[in-house]
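Read through the structure below, which is laid out as structure tokens, and then see the notes.
Each reported figure results from applying straightforward, stated rules to the coordinates on display, with no laboratory input. All values derive from a computational prediction rather than experimental measurement. Here the Cβ is made from the backbone with ideal geometry for all residues, glycine too, and neighbour counts use every protein chain on show.
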Amino acid sequence: MDKLSQYLLEHIPERNETFQKLEEYARTHRVPIMEPVSMNFLTQLVKMNRPKQILELGTAIGYSALRMLEAYPLATITTIERNEEMFQIATRNIENADKSDRIQMILGDALEIIQQLSNEQRKYDFIFIDAAKAQYQRFFTNVEPLLNDGGIIVCDNVLFKGYVANSSKANSRRMENLATKIRLFNEWLMAQSNYHTSIIPIGDGLSISIKIK
Ligand code: SAM
């Protein structure tokens, strides 16, 4: 880890015991949850925007959903996960935290579930995309109709270990291909004139897109 990242990591607030346990679980079971510094920033965005309705693509063990809810306890969160084992673990974690009334979990492929949510005319103020990186552009275009005017879409991993800006760092053809897909997504995203987008180089890279009214 470089000195700047180390410095940022040392200066974010301590997480409570529940979150520390989830972080430990993710570490020991190699579940890719959000990095602490970008998670801290995401909770900041939630605190600033106070979104009533949040949609998350990619629940994993429920860590980021629980952190976003803690940041704004009046929010209602819908979170989608396609991996059944992850879904069961997240369900348990959310029940143990006594947050099942605020966090609705849906098992299934995000693209299919988004279509269902769209048929139900559901709307969201804040959408967090943290699922299969190769599909970000499809996720983004598919969730767009669900976003309220002035709403925000945040994507994680848009700098992908630094490979997006420097593909020679990628240590396999697969990683290089994935970096190319994310690079194309970033270029496409920055060109969307109905959104104001910034890419923030913390954690694995976050994009923040505000829908212009
Ligand atoms: N947001 C979580 C957190 O920080 O606590 C981490 C999510 S993890 C990086 C990505 C998750 O997205 C994985 O559990 C994976 O199974 C799920 N996923 C990937 N593609 C998906 C898809 N098309 N639909 C639903 N879930 C998907």
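Rounded to two decimals, what is the ratio between the C-alpha radius of gyration of the stretch 1-71 and 2.2 N^0.38 Å? List each step's numbers first, then the result.
Working: Rg = 12.6 Å, N = 71, 2.2 N^0.38 = 11.1 Å.
It is 1.13.
With θ taken as phi - 60° and the coefficients 6.51, -1.76 and 1.60, list the Karplus ³J(HN,Hα) couplings across the stretch 50-56 in order, rounded to whole Hz; mark glycine and proline as x.
6, x, 6, 10, 10, 10, 10
What translational diffusion coefficient, in µm²/s and rounded to a whole number, does the Stokes-Einstein relation yield for the stretch 124-191 at 20 °C and a viscosity of 1.002 mPa s, taking the hydrodynamic radius as the Kirkwood radius over Cα pairs?
170
Could you give the Stokes-Einstein D for the chain in µm² per second, using the C-alpha Kirkwood radius, 25 °C, 0.890 mPa s?
Answer, rounded: 140 µm²/s.
Relative contact order of the chain: what whole-number percent is it, with Cα pairs under 8 angstrom and at least 6 residues apart?
This gives 18 percent for the chain.
For residue 173 and residue 7, calculate 0.36 nm times their separation in residues minus their Cα-Cα distance, and state this gained length in nm to one decimal. Please report the intermediate quantities before stating the final value.
On the way: separation 166, 0.36 × 166 = 59.76 nm, distance 3.18 nm.
56.6 nm is the gain from fully extending residue 173 to residue 7.
Label residue 112 and residue 184 with points 7 Å out from Cα along Cα→Cβ: what is the distance between them in nm?
About 2.5 nm separates the two model spin labels.
May I ask for the Kirkwood hydrodynamic radius of the stretch 1-122, worked out over all distinct Cα pairs and given in angstroms to one decimal? All intermediate terms of the calculation are to be shown ahead of the outcome.
Numbers: mean 1/r = 0.0660 Å⁻¹.
For the stretch 1-122, the Kirkwood estimate is 15.1 Å.
Which residues' amide hydrogens lie under 5 Å from the amide hydrogen of residue 204, considering only partners 5 or more residues apart or on another chain, with H built in the peptide plane?
Answer set, sorted by chain and number: 35, 157.
Set the Förster distance to 35 Å, then compute FRET efficiency between residue 30 and residue 100 from the Cβ-Cβ distance, nearest 0.05.
According to the calculation, E is roughly 0.85.
Quick check on the stretch 81-213: of the DSSP beta bridges with both residues there, what percent are antiparallel, nearest 5%?
The answer is about 65 percent antiparallel.
Kindly point out which whole DSSP H helices in the chain project their C-alpha atoms 24 angstrom or further along the helix axis while averaging a Kyte-Doolittle hydropathy of 1.0 or above.
The answer is none, since no helix passes both cut-offs.
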